[in-house]
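Notes to accompany the following structure.
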Amino acid sequence: MPTKRKTADQAQDIATTDAGTATLTEPPPAANPTAETASQTAAAVRQEPPAGQESSPPLGSDGKYHTMREPGDDTAAEQSAGQKKSSWAPRTTIAVPLTEEAKRDHTKGEVARYIDGYNYEGVGARIDSPDPDFRPSEDVKGALKEEHPYRESMRWNDRILHNDKKTFHKKVTGKRPDGSERSPVGERLDGEGRFEEMVLRRRDEIEKAGGGKAPF
C-alpha cells in the first residue's frame, strides 16, 4: 500500500519520546496582551510618587516614602528636645504658700521655695515675702543650717540664683572638705527634709503671731 511522504514542515512537528512513540509538539501559548497591560499598569502605579513631589523618594520597609535628611533638617520635636536638654538653669520645684494672701496670689504673701540646680549647682531654699525688709528668724534658718550626720548643711550665698535672689544652698556632688564623697541622693533627701522643717517652723511663727490661728 503506497504511503504518503511527509513534507519537511510536517517532519519538524513530530518529536520522538524516550519510549519511541511519536507525538505532535504544540506551539508555545500566545502571549496574553490583557495580562501584560495590567502588569505594566501596576508597576507604573508603584513607581508613581505621592502627589506634590517631583520625583519618587525611597520607599522604606514600612511601606512609606522617606526623603533624604540634610544637615539642619531637624524636626520640631528634635529641636524641642535639644532645647530642654541644654536648659539646666536652677528652677523652683516646690513652692509652699505660708500666708493666706500667698494662697491666693504668690506675689502678695510669703512663699517658701525649694530650688533645684541639678547635680552641678546643688539645691537651695529661701522664703520670698512682699516685705522688702523681711528676714527669717534664727529658728527658721536653723532648720537649714544645723548639722546632720554625714550630710552637708545649707549656707547663705549666691551659688543658686532664683529670680536674681540669693538662697540657702548646698552642694550634692563632689568631695566634702574632709575628703569624703557626697551622695547625691542622700544630700537631696536631706535638703528636702531641711526645707520641710523650715516651712513648719515658719508656719508655727505665723500662727503664734496671729493669736494661735493657723493660716490654713
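Every number here is computed from the coordinates shown, using simple stated rules; none is lab data. Remember, it's a predicted structure, so these values are computed and weren't measured experimentally. FYI the Cβ positions are ideal-geometry reconstructions off the backbone, even for glycines, and counts take in every protein chain you see.
Kindly state, to the nearest 0.05, the FRET efficiency for LYS108 paired with ARG155, given R0 = 25 Å and r defined as their beta-carbon distance.
On the way: r = 30 Å, r/R0 = 1.18.
Taking R0 as 25 Å, the efficiency between LYS108 and ARG155 is 0.25.
Starting from the Cα-Cα distance between GLU100 and GLU138, subtract it from 0.36 nm times their residue separation and give me the gain in nm to one decimal. All intermediate terms of the calculation are to be shown ahead of the outcome.
Working: separation 38, 0.36 × 38 = 13.68 nm, distance 2.31 nm.
That works out to 11.4 nm of additional length.
At a temperature of 25 °C and a viscosity of 0.890 mPa s, determine how fast the stretch 87-126 diffuses translationally according to Stokes-Einstein, using the Kirkwood radius over alpha-carbon pairs as Rh; express D in µm²/s, rounded to the nearest whole number.
Values: Rh = 10.8 Å.
The calculation lands on 228 µm²/s.
What is the spin-label model distance, in nm, from THR93 to ASP204 if the labels are put 7 Å beyond Cα along the C-beta direction?
Going from the THR93 label point to the ASP204 one covers 2.6 nm.
Could you work out the equivalent-ellipsoid semi-axes for the stretch 89-209, taking the square root of 5 times each eigenvalue of the Cα gyration tensor, largest first, in whole Å? Intermediate values should be presented prior to the final figure.
Numbers: eigenvalues 132, 47, 26 Å².
Over the Cα atoms of the stretch 89-209, the ellipsoid semi-axes are 26, 15, 11 Å.
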